[in-house]
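Data first, discussion second: the structure below is written as structure tokens.
The values are calculated or read from the model by the stated rules, or taken from the named source; none is laboratory data. Source: prediction; values computed, not measured. Every residue, glycine as well, gets a Cβ built from its backbone with ideal geometry; the counts of neighbours run over all protein chains shown. With ligands, DNA and RNA removed, areas are computed over all heavy atoms of the protein, side chains included. Shrake-Rupley method; radii C 1.70, N 1.55, O 1.52, S 1.80 Å.
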Amino acid sequence: MKSKEMKSDLIKKGPHKWMQRSLLKTAGFTQSEIERPLIGVVGSWTDIFPGHMHLDKLAKAVADGVYMAGGTPLTFNTIAICDGIAMNNTGMKYSLPSRELIADSIESMAEAHGLDGLVLVPACDKIIPGMVIACLRVNVPAIVITGGPSITGCFKGGRFEGLSVAKKAVEVASGKTDIEELYELENYGVGGATCGSCNSMATANSMGCMTEALGLGVPGNGTVPAPYTQRIHMAKYAGKRVLELVEENIRPRDIVTRQSILNAIAVDMMVGCSTNTALHIPAIADAARVEMSLDDFDSMSKKVPQIVKLAPAATQMVEDLHRAGGISAVIKEGITNGVFDGEQKSVVGSTLKELTATAEVYDRQVIRTFEDPYTKEGGLFILKGNLAPQGAVIKVGGVAPEMLVHSGPAKVYNSEQEGFEALTQGKIEHGDVVVIRYEGPKGGPGMQEMLSLTTALMSYGLDKDVALITDGRFSGASVGGVIGHIAPEAAVGGPIAFVETGDIISYDVPNRRITLEVDEKVLEQRKKDWVQPAPKVASGWLSRYAQLVTPVHQGATVKSDIEK
């Protein structure tokens with residue numbers, strides 16, 4: 001097939017484009033291949049971690065699909081950071097900023113080479129939103145096929161419980177057991193036992209589900225397990241379908257509208273996704289030129305119940321959601337109950353209502369009804385108060401009932417590492433409110449994820465009576481009374497910068513309030529006395545990021561002063 005006009009004509013059509021054609025031919029492409037639509041197959045394969053170790057095979061399947069449909073695939077990769085490997089060290093500072101590098105690199109490649117369409121093959125936390133942001137910026141026909149979740153391992157006749165590794169690590173650190181026992185337990189796979197993203201409803205799988213709900217992803221995108229051959233079939237379909245999108249000139253910004261953003265938030269609430277969606281969805285909306293705010297999360301959480309509850313908040317895994325009907329079944333529940341607009345289009349050429357018409361729920365223990373939900377309100381809440389006037393985020397589906405309302409003395413630390421060391425040294429006590437600050441987008445810089453700290457709180461048995469509040473962020477695998485994204489952040493003089501050890505901090509999740517119980521006059525004096533600390537990083541990419549990044553409630557995107 002060949003469109004009447006193609007973007008790639010800019011690099012290949014006419015006698016004066018001899019250089020471009022010659023270079024493509026030297027790379028192995030024939031004249032007939034050059035004349036076809038040029039489709040960028042954008043992967044993020046690496047052999048460093050399981051989430052991406054299989055993406056080369058998916059990208060190859062996409063390329064096969066492109067060829068079958070009469071296009072020419074041009075394959076390239078982006079970077080990919082594993083949050084699990086980067087956590088609890090300076091490497092985590094690079095995780096969220098890498099989303100911007102991924103989007104920038106794809107935009108650069110697509111524009112420089114005049115690509116007619118894109119098929120995006122991502123997995124894991126920042127890569128999926130980074131690629132989605134890129135396709136919205138470039139706005140050529142595009143479709144997403146993610147790598148999918150891993151499958152849970154087996155251990156002593158049952159499912160392997162990933163948290164058991166963290167508990168064993170605490171035992172080793174305290175001298176109660178030998179490290180060889182820890183090494184042995186690690187072999188069973190803390191995030192699943194196969195290739196694919198960590199098998200809980202953490203950020204990677206949350207964003208896979210969001211992409212499907214937005215209408216940009218192949219059906220099954222959110223839950224089909226990574227090792228399933230069905231993923232290969234989906235990838236080939238994506239490669240073929242993108243040629244139809246090019247012919248029909250259907251572009252990402254035709255699909256991602258304000259209503260489709262609201263649809264994604266509705267699924268977010270029904271499934272109980274990661275708090276990181278409150279970072280990525282605003283950034284995606286910005287790339288789509290759609291107006292939205294955290295208030296949209298808040299209003300949606302008040303009217304949409306959580307009907308799916310997966311690990312880390314429960315024992316069920318993403319593979320169980322797939323078995324029970326997947327995101328298609330969840331979307332159908334949302335349409336039936338009036339919280340999801342089924343008239344929104346998808347990249348497969350039909351409305352989401354049409355696409356999910358035959359979906360069924362096969363297990364009501366996994367996907368409940370709106371009449372019998374896990375909770376009557378959504379999985380994420382936005383809290384506000386004098387400590388977080390621009391908002392804070394909590395994954396309420398992962399909070400023990402006794403921690404929904406809490407008040408206690410603050411223990412204040414100016415970095416995640418300080419807080420982690422205090423915990424391991426026994427300085428954090430029952431009832432405390434741990435405050436980790438100067439870890440926001442600017443202050444970190446990079447807004448570190450604190451899974452090591454939240455997991456350690458669980459391992460020490462403190463997750464049900466110790467709260468953790470931060471201007472940083474959490475993994476989708478974090479549970480407990482953990483409140484992140486405190487805005488404004490400490491580095492710009494937000495109220496969290498003025499908290500002192502011993503201050504009483506109270507929060508009330510059902511009423512969406514968070515309060516620093518300190519007289520306003522005292523806070524005003526502390527604000528006058530406050531001295532903005534020097535940047536933690538003064539050179540390189542992170543320094544530039546810190547200077548250009550927008551506030552967390554706006555998605556922590558990188559913009560120039562003109563764009564801001």
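The accessible area of residue 124, taken with all protein chains in place and a 1.4 Å probe, comes to roughly 10 Å². DSSP beta bridges confined to the chain are antiparallel in about 40 percent of cases.
Considering every alpha-carbon pair of the range 187-321, the percent of pairs per 5 Å bin, from zero through the bin containing the longest distance, is 2, 10, 18, 20, 18, 16, 10, 5, 1, 0.
Residues 406, 16, 553, sorted by accessible area with the largest first, give 16, 553, 406 [1.4 Å probe; ligands and nucleic acids excluded]. Spacing of the modelled spin labels on residue 315 and residue 64, each 7 Å from Cα toward Cβ, amounts to 3.9 nm. Tilt of helix 55-68 relative to the longest C-alpha principal axis of the chain, in degrees (0 to 90, nearest 10)? Approximately 30 degrees, to the nearest ten.
I need to check one value: relative contact order of the chain, counting alpha carbon pairs closer than 8 Å and at least 6 residues apart, in percent.
13
For each pair in 60/167; 411/521; 240/353; 332/384; 376/464; 309/536, compute the distance between the two Cα atoms and list the pairs where it is over 28 Å. Long pairs (Cα-Cα over 28 Å): 60/167; 332/384; 309/536.
Annotation: amide H of residue 155 within the under-5 Å range of 160, sequence separation 5 or more or interchain, hydrogens built in the peptide plane.
Under a model in which nothing but the beta-carbon of Lys, Arg (+1) and Asp, Glu (-1) is charged, the chain shows a dipole of about 1500 debye around its Cα centre. With all protein chains in place and ligands, DNA and RNA left out, the 1.4 Å accessible area ranks 160, 155 as 155, 160, largest first. Taking the DSSP bridge list for the range 281-439 and keeping only pairs wholly inside it, about 65 percent are antiparallel.
Positive end of the dipole of the chain (Cβ unit charges, origin at the Cα centre): among 73, 218, 121, the Cα lying farthest that way belongs to 73.
For the chain, the solvent-accessible area of protein heavy atoms averages 39 Å² per residue (probe radius 1.4 Å; ligands and nucleic acids excluded).
As a fraction of the 1.4 Å probe accessible area of the chain, surface on carbon and sulfur atoms comes out at 53 percent. From the alpha carbon centroid of the range 63-129 to that of the range 413-434 is 36 Å.
Counting 0.36 nm for each residue step from residue 363 to residue 79 and taking away their Cα separation leaves a gain of 98.5 nm.
Determine the gain in length on full extension of the stretch residue 187-residue 513; use 0.36 nm per residue of separation and subtract their C-alpha separation, reporting nm with one decimal.
Full-extension gain reported as 113.1 nm.
The angle between the Cα long axis of helix 277-287 and the longest principal axis of the Cα atoms of the chain comes to about 40 degrees, rounded to the nearest 10. Counting only alpha carbon atoms, the long axis of helix 203-214 and the longest principal axis of the chain meet at about 50°.
Projected label points at residue 539 and residue 18, each 7 Å from Cα along the beta carbon direction, are separated by 4.7 nanometres.
Estimated from the Cβ-Cβ distance and a Förster radius of 41 angstrom, the FRET efficiency linking residue 404 and residue 424 is about 0.90. Take the Cα of residue 171, step 7 Å toward its Cβ, do the same at residue 500, and the gap between the two points is 4.4 nm.
Once the chain from residue 336 to residue 163 is taken as fully extended at 0.36 nm per residue, the excess over their C-alpha distance is 58.6 nm. Taking the alpha-carbon centroid of each part, what is the distance from the range 313-374 to the range 146-218 in angstrom? With the range 313-374 and the range 146-218 each reduced to a Cα centre, they are spaced 24 Å. If you take every DSSP beta bridge whose two residues both sit in the range 345-444, what share of them, in percent to the nearest 5, is antiparallel? Of all bridge pairs located within the range 345-444, approximately 60 percent are antiparallel.
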